[in-house]
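To start, the structure under review is shown below, and the notes come after it.
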Amino acid sequence: MKTKDFLIYGLAVVINLMFFGILIIMIYKQTFDSAMLNTMVGTLGTITVMVDAYFFGSSKGSSDKNEIIKEMKKPLN
């Protein structure tokens, strides 16, 4: 696995864990009226959707296509 891939997957895992961690803390402590916590959950929720859209949406397919084209351009030895 390339370093770039490792960082992308690591960041995706961290973002998703943060989202669910804060959501669990919010439910456990019942702090639904806290504006700061609601803002954090909204922001992390948006980022989580973006990360999931990258891995399961058209951005991942486009990235895979670019890698295939790059491999096709390599000279044959």
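Just to be sure, is residue 5 more than 25 Å from residue 67 (Cα to Cα) and modelled with pLDDT under 80? Criteria not met by residue 5. Within segment 35-50, the residues that satisfy the criterion of being over 16 Å from the mean Cα position of the chain (by Cα) and surrounded by fewer than 13 Cβ atoms within 10 Å (Cβ to Cβ) are 35, 36, 39.
Per-residue answers, yes or no, for (1) in a loop (DSSP other than H, G, I, E, B); (2) modelled with pLDDT under 80; (3) among the small types (Gly, Ala, Ser); (4) touching a helix residue (DSSP H, G or I) at 6+ places or on another chain (Cβ under 8 Å):
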| site | (1), (2), (3), (4) |
| --- | --- |
| 20 | no, no, no, no |
| 27 | no, yes, no, no |
| 33 | yes, yes, no, no |
| 38 | no, yes, no, no |
| 41 | no, yes, no, yes |
| 55 | no, yes, no, yes |
| 61 | no, yes, yes, no |
| 64 | no, yes, no, no |
| 75 | yes, yes, no, no |
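The values are calculated or read from the model by the stated rules, or taken from the named source; none is laboratory data. No experiment lies behind these values; they were computed from the predicted model shown. Here Cβ is always computed from backbone atoms with ideal geometry, including for glycine, and neighbour counts include all displayed protein chains.
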